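First up is the structure itself, then whatever we jot down about it.
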Amino acid sequence: MAANDYAIVVGISDYPDLGGLDGPEYDARDFHAWLVGPGGVPPANAALILSSTFKPPAFTSVLDAKPTMDAIQREFTRLDVIAGQNQAAGNGRVVGRRLYLYYSGHGFGPDLEEASILMADASPVRTGLHVPGKPWANWFLRAGYFKEVVLLMDCCRESYPRAPLNVPSFINLTAPDVKTANRFYGFSAGWGKLSRERQFNGRTHGVFTWTLLEGLRGAAADPAGNVTAVSLGSYLYNNMRAFLDPADLGNEEVAKEPDLSYDANAGSGFVLAANVPVRTYPVTLAFSAATAGKGVRVFNDKFAPVGQTVAGAAPWGLSLPRGLYLAVADGGAQQPIDVSGTGAVNVTI
C-alpha cells in the first residue's frame, strides 16, 4: 500500500531442544507473499527469516541452530541505520509509514500483556533466548520511526515464571507526535494459553495465521472492500474458533480466540488492505409449513432489503457477504442469519 512500508517476518520450525513445528515456515512464507503482493510492501523492504534460510540439512546440534536473536536484531539495526541516514540528510528519523512484525514458532507469555518468540537455540533452560513482541513494536512506534505498527504473533503464551526477560537494546526515543500513531497488535492466544496448528488444504498452518490471511484476503473486508483494524479484529475474534480442530474446542488450555489490541475508535480509518474483493458465502433458507406460500424478505444489519421470494417447497439460495441478517416472513415469523465468513450457512424460517 506504500513504497515506504517495511516488514520483518520470522518463521521458526526447527527447534533441536524444544521439538519441531510443521506450520511456522509455511505461515511465514504465506504472510510474506501477501505482504509483497496485495499488501503492497516493496520486496526489498520485507525481510523473511526462516529456519530453512540457514540450512539444509536439519540442524545436527543446537549449537548450529538458527535463526538466533542476532538475525532479528540485525533487521532492527537495519531500520535504525536508515533512520540515522534520514536524519543526516535533514529529513528526521522517520523510516516509513508502516512496520509489520510477524513471528511464528514456539513462544511463551512473560506477563499478562506480552508474548515472546523463542529462538531456534532455546531450550526449557535457555528461555532467555527470545525476542519479545510488544517492547520492540512499541519502541519503533514511540521513537517515531513509523506512524503505524502491525504486530502479529502466532505462538503459545504459556507462563514461564523463571524466564529472564529481554528488553530493546536501543536507548529510549520519543517522537513529539507519538500520540497520533496507530497500532494493531494480535497474539494467537491469551496469556497462559496454547496455540494450535492443523492441516488446511494438505499443509500444516497455525490456526491464527490461517484465520488472519483469510481475513486479509477478503473474508474481513467491509462493504467498501477495505480490511480495517476494526473489521479484521472482529473477524479474528469471532472466527478463529471455527478453524480449530474439533478436539481442541473442548480443551481449556487451547485458545479459542486471539488476544488483540487496537484503537477501535481510530480502527475504521486504519486500513490494512484496500480494494479487496468482498467475499460472499452461500446461504440456504429452508421454509417450514407455517411460512409456505408467504412472502419472505431478507434484511441486512442496516435494515436494507437484500432479497425477497415466496416460500415454497424448495429452499431459497442466496449469496451474501459476511454480516448479520434477518429473514422476515409475512405474518411476522423471523429468523436471524449469521454469515460469519467461514463457510456456508443453512437456516429455516
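Readers should treat all values here as calculations from the given coordinates under stated rules, not as data from a laboratory. Because the structure is a prediction, the values reported are computed rather than measured. Quick reminder, even Gly has a Cβ in these numbers, built from the backbone with ideal geometry, and neighbours come from all protein chains shown.
At R0 = 35 Å, how high is the FRET efficiency between Ser261 and Phe303 if r is their beta carbon distance? Nearest 0.05 is fine. Taking R0 as 35 Å, the efficiency between Ser261 and Phe303 is 0.60. Rounded to the nearest 0.05, the FRET efficiency derived from the C-beta distance between Arg198 and Ala89 at R0 = 41 Å is 0.25. Where in segment 317-349 is the amide nitrogen less than 14 Å from a point lying 7 Å along the Cα-to-Cβ axis of Val310? From segment 317-349, the list is 330.
Shown for Leu21, Leu213, Leu324: other C-beta atoms within 10 Å of each C-beta, ranked fewest to most, produce the order Leu324, Leu213, Leu21.
The count of lysine pairs in the chain whose Cα atoms are under 18 Å apart, excluding pairs fewer than 8 places apart on the same chain, comes to 6. Remark: relative contact order (segment 115-176) = 37 percent; criterion is Cα-Cα distance under 8 angstrom and separation of 6 or more residues.
Each part gets one Cα centre, and for segment 1-59 versus segment 226-294 those centres are 26 Å apart.
Per-peptide packing, taken as the mean over residues of other Cβ atoms within 10 Å, places 309-316, 243-250 in the sequence 309-316, 243-250 from highest down. For segment 123-214, relative contact order (Cα pairs under 8 Å, six or more residues apart, normalised by length) works out to 32 percent.
Using the Cβ-Cβ distance between Asn346 and Ala274 with R0 set to 25 Å, the FRET efficiency from 1/(1 + (r/R0)^6) comes to roughly 0.15.
Please state the relative contact order of the chain as a whole percent: Cα pairs under 8 Å, 6+ residues apart? Relative contact order, the chain: 13 percent. Equivalent-ellipsoid semi-axes for segment 6-273 (Cα gyration tensor, √(5λ), whole Å, largest first): 27, 24, 18.
Each residue, Ala2 and Ala224, gets one label point 7 Å from its Cα in the Cβ direction; the gap between the two is 1.7 nm. Using only Cα coordinates, the Kirkwood hydrodynamic radius of segment 280-348 works out to 11.9 Å.
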